[in-house]
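Visitor: Structure incoming, see below.
The values are calculated or read from the model by the stated rules, or taken from the named source; none is laboratory data. The structure displayed is predicted, hence computed values, not measured ones. Don't worry about glycine lacking a Cβ; one is built from the backbone with ideal geometry, like all the others, and counts go over all protein chains shown. With ligands, DNA and RNA removed, areas are computed over all heavy atoms of the protein, side chains included. Shrake-Rupley method; radii C 1.70, N 1.55, O 1.52, S 1.80 Å.
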Amino acid sequence: MRFLHGGSLTVRTAIASLALVVVVVAVAVGLLTAVFAARTAAHKEVQAQDLTSATLDVQGLVVDLETGLRGLALTGDMRFLKPWANAKAALPAKLAAFERLADAVPGERGQAQTIASLIDSYIDEYSVPLVRSAREVPAAAATPVATAEGRRRIDEIRSHFVRILAQEQQRADEASATADKDSRRAVAVAIAGLVALAAIVILFGLYVARSIARPVRQVADEAQRLAAGDEVSDLRERGSGEVADLTRAFNTMARQLAARQAELEEQNRQLRDSEHAKSELVSIVSHELRTPLTSMLGFTSLLARGDQDEEAQQRYLEIIAGQGQRLATLLDDFLSVQQLEEGRLDLRSDRFDLAALLRQQTELYSAHSEEHEVLLDLEQRTLSVVGDEGRLAQVIGNLLSNAIKYSPEGGRVTVTGLREGDRAIVRVHDEGIGIPDEEQGRVFTKFFRGDAAARGIAGSGLGLAFARAVVEAHGGSIGFTSVEGQGTTFAVELPAAGQAQSSVAQNAERSSA
């Protein structure tokens, strides 16, 4: 039954049903043929028996004819003719029935006609004249000639009776044997048909159980597990066409659900991180804004009192201006990061000297702290790049500011500028507290500051996120190495002039898109 291994369930079911119908029809035809043959044989047997019975009836009447004539010949008494007379009267009907039955049997019609002719001849040519003579001369019936003629005629008729009875007996026996044979064949066909039907039903049942019920049960079980939230594995795609399609669809659905669940989990993680970042943002903003605002409000109140000398007023105004600039810088950082993430931050594409920018930033931040020594090491006097000088100045400034802030005990901060092949490289090294290993993966995450707040180090957690966005927008990269307690080195790589132009232009196009 190779059709069970391919095709759709509809086709297989149709083929199985057709096979079942074919077997049923074949069994029915076999049974009908056997039954018809048995009925035909039985009909032949009945015909033979009927013809035998009719033959015996006619033979009995012939015997009565002979008996009556023999009684007349022996006694001369006409009273003994009664059997003859009765037989003679009944013979026409019996002979007609006998001949009618013989006509229905092939080969017996001529025999029946011969017997009828002999009986008619016996009656008309012998018995009737003999009776007529016996009425006139009683002794005429007993003459040797008369008795010999009667015996001859009766023997001839009897021989034909014996022949036809033997033939009909043979026919009856053959018909009976044929009927028995056909009956046995009908029983055999019925048994074989029942066995074939049972085999087909069992095979189809096994096929349904194995190729349909089992895979569907597995799909149902896995669906229940999936509905319960358990992890499921891909099911083996087996069974009929539709069942395999169902299994394949379930596997696709399960994979899609798993992917969506992973996406949801990632989104939940991002939401949790976002909520945490928002909490940190609130904490940072509240801290970063409160300090300069408090200072500004405090010194503004002092100025409002008007009892300070001109030097104090000037100092207070400088403090208020510095704190205002701190607020402006903080807000500018927020705005710049947001614009970079949304692709709305425009970057200039100008050729400028990165070495000069490093000198400027180094001098600027050297004045920020008396505890720190800021050194500049340039391998080339000029270091040309193409980009947005103002944004890259913010990047270098953020790195220098962090190097100073995260070296609370003071120390040396070294800025190195060099060119390696087609790359311009800037390194900012400090001897500060370093970055713990468990926090290094989140250094460039917005608002992440580790334990800086606990250490009393000010900041918004946006500087490094902004720096990476700007550097990558210029076609460069930024990274770091750090050992906790020994310091940190940040390295910025930018395309040197020539290659930088195309890199910045391409990134500008992507930002605009």
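Visitor: Cβ-Cβ below 6 Å, separation at least six or inter-chain, first residue in segment 109-129 and without any contact (Cβ under 8 Å) to a residue 24 or more places away in the chain, second of a type in the set (A, V, I, L, M) and buried (at least 19 other Cβ atoms within 10 Å of the Cβ): which pairs?
Guide: Final answer for the pair search is R109/A102; A116/L95.
Visitor: Please work out if D353 is modelled with pLDDT under 80 and acidic (D, E). Outline the logic, then answer.
Guide: On the way: modelled with pLDDT under 80: no; acidic (D, E): yes.
Taking the combined requirement at face value, the residue does not satisfy it.
Visitor: Within segment 393-430, can you find the residues that are among the aliphatic types (A, V, I, L, M) and surrounded by 20 or more Cβ atoms within 10 Å (Cβ to Cβ)?
Guide: In the first step, residues of segment 393-430 are kept if they are among the aliphatic types (A, V, I, L, M); the result is 393, 395-396, 399-400, 403-404, 413, 415, 418, 424-426, 428.
V395, I396, L399, L400, A403, I404, V413, V415, A424, V426, V428 - these are the residues of segment 393-430 that are among the aliphatic types (A, V, I, L, M) and surrounded by 20 or more Cβ atoms within 10 Å (Cβ to Cβ).
Visitor: While we're here: Can you tell me which condition L81 does not meet? The list is (1) touching a Gly at 6+ places or on another chain (Cβ under 8 Å); (2) open to solvent by 30 Å² or more (accessible area, probe 1.4 Å), and all the others hold.
Guide: (2)
Visitor: Follow-up. K82: touching a residue at least 40 places away in the same chain (Cβ under 8 Å) and basic (K, R), yes or no?
Guide: On the way: touching a residue at least 40 places away in the same chain (Cβ under 8 Å): no; basic (K, R): yes.
In short, no.
Visitor: Another question about this same structure. Could you say whether any residue in segment 129-151 is under 30 Å from L51 (Cβ atoms), modelled with pLDDT under 80, of a type in the set (K, R) and open to solvent by 10 Å² or more (accessible area, probe 1.4 Å)?
Guide: Within segment 129-151, none of the residues are under 30 Å from L51 (Cβ atoms), modelled with pLDDT under 80, of a type in the set (K, R) and open to solvent by 10 Å² or more (accessible area, probe 1.4 Å).
Visitor: Given (1) polar (S, T, N, Q); (2) in a helix (DSSP H, G or I); (3) open to solvent by less than 40 Å² (accessible area, probe 1.4 Å); (4) at pLDDT 75 or above, where does Q308 come up short, assuming only one miss?
Guide: Only one criterion is unmet by Q308, namely (2).
Visitor: While we're here: Scan segment 452-464 and tell me whether some residue there is modelled with pLDDT of 70 or more and over 24 Å from F334 (Cα atoms).
Guide: Within segment 452-464, not a single residue is modelled with pLDDT of 70 or more and over 24 Å from F334 (Cα atoms).
Visitor: Oh, and also: What are the pairs with Cβ atoms under 6 angstrom where one residue, in segment 346-363, is basic (K, R) and the other, located anywhere, is not in a helix (DSSP H, G or I)? Sequence gap at least six, or different chains.
Guide: Sorted first by the residue in segment 346-363, then by its partner, the pairs are R348/D388; R351/V386; R351/A497.
Yes/no per residue for (1) farther than 22 Å from A175 by Cα; (2) of a type in the set (D, E, K, R); (3) open to solvent by 80 Å² or more (accessible area, probe 1.4 Å):
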{"site": "A102", "(1), (2), (3)": "no, no, no"}
{"site": "Q113", "(1), (2), (3)": "yes, no, yes"}
{"site": "A116", "(1), (2), (3)": "yes, no, no"}
{"site": "D120", "(1), (2), (3)": "yes, yes, no"}
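Visitor: Follow-up question, since we're still on this one. What are the residues in segment 488-513 that are crowded, with 19+ Cβ neighbours inside 10 Å and at pLDDT 90 or above, if any?
Guide: Matches in segment 488-513: T488, F490, V492, L494, P495.
Visitor: In segment 381-392, is there at least one residue being open to solvent by 10 Å² or more (accessible area, probe 1.4 Å), in a helix (DSSP H, G or I) and among the hydroxyl-bearing types (S, T, Y)?
Guide: Looking for residues that are open to solvent by 10 Å² or more (accessible area, probe 1.4 Å), in a helix (DSSP H, G or I) and among the hydroxyl-bearing types (S, T, Y), one finds none in segment 381-392, hence no.
Visitor: Report whether or not G60 is crowded, with 19+ Cβ neighbours inside 10 Å and either without any contact (Cβ under 8 Å) to a residue 60 or more places away in the chain or outside any helix (DSSP H, G or I) (or both). Step through it out loud before you land on a result.
Guide: On the way: crowded, with 19+ Cβ neighbours inside 10 Å: no; either without any contact (Cβ under 8 Å) to a residue 60 or more places away in the chain or outside any helix (DSSP H, G or I) (or both): yes.
Considered against the rule, which asks whether it is crowded, with 19+ Cβ neighbours inside 10 Å and either without any contact (Cβ under 8 Å) to a residue 60 or more places away in the chain or outside any helix (DSSP H, G or I) (or both), G60 comes out as no.
Visitor: Any idea which of (1) open to solvent by 30 Å² or more (accessible area, probe 1.4 Å); (2) touching an Asp or Glu at 6+ places or on another chain (Cβ under 9 Å); (3) not polar (S, T, N, Q) is the one A175 doesn't satisfy?
Guide: Here A175 meets the rest and fails (1).
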